[in-house]
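Q: Structure incoming, see below.
The values are calculated or read from the model by the stated rules, or taken from the named source; none is laboratory data. If you're wondering where the values come from, they're calculated on a predicted model, not measured in any experiment. Cβ atoms come from the backbone with ideal geometry, glycine included; neighbour counts cover every protein chain shown.
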Amino acid sequence: MNMIKFKNKSEQRCYVRIANCITALNDAHLKKSQNDTEFTYMKIFRFLADMLTAEEFDSLSYYHVSRFIGNILKLAFEEGDA
């Protein structure tokens, strides 16, 4: 989380909730439905809409969102190994 500059604690808590949702989707022990996946993606886009400028958000692509998710999972995996 040190690489992201949050405006306030609320924004940081929102990021942590999003990260937890993403890691839960990747948990093989938890059976996640399509609704869970769609809800998580909706939360991701809401978070990004709040974090980014209108121009940045308009230029988002599937690649950017996938990379964001991949980075969250990579950080969670690295923290799990530590």
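Q: Which of the residues that make up the stretch 5-20 are free of Cβ contacts under 8 Å to residues at least 24 places away in the same chain and more than 16 Å from GLU79 (Cα to Cα)?
A: So in the stretch 5-20, the residues free of Cβ contacts under 8 Å to residues at least 24 places away in the same chain come out as 5-10, 12-13, 16, 20.
Scanning the stretch 5-20 gives LYS5, PHE6, LYS7, ASN8, LYS9, SER10, GLN12, ARG13.
Q: Separate question: Got at least one residue in the stretch 51-62 being aromatic (Phe, Trp, Tyr), loosely packed, with under 11 Cβ neighbours inside 10 Å and at pLDDT below 85?
A: The answer is yes; a qualifying residue exists.
Q: Name the pairs: first residue in the stretch 58-81 and farther than 15 Å from VAL16 by Cβ and basic (Lys, Arg), second residue at pLDDT 85 or above and not in a loop (DSSP other than H, G, I, E, B), Cβ to Cβ under 8 Å, at least 6 apart or on different chains?
A: none
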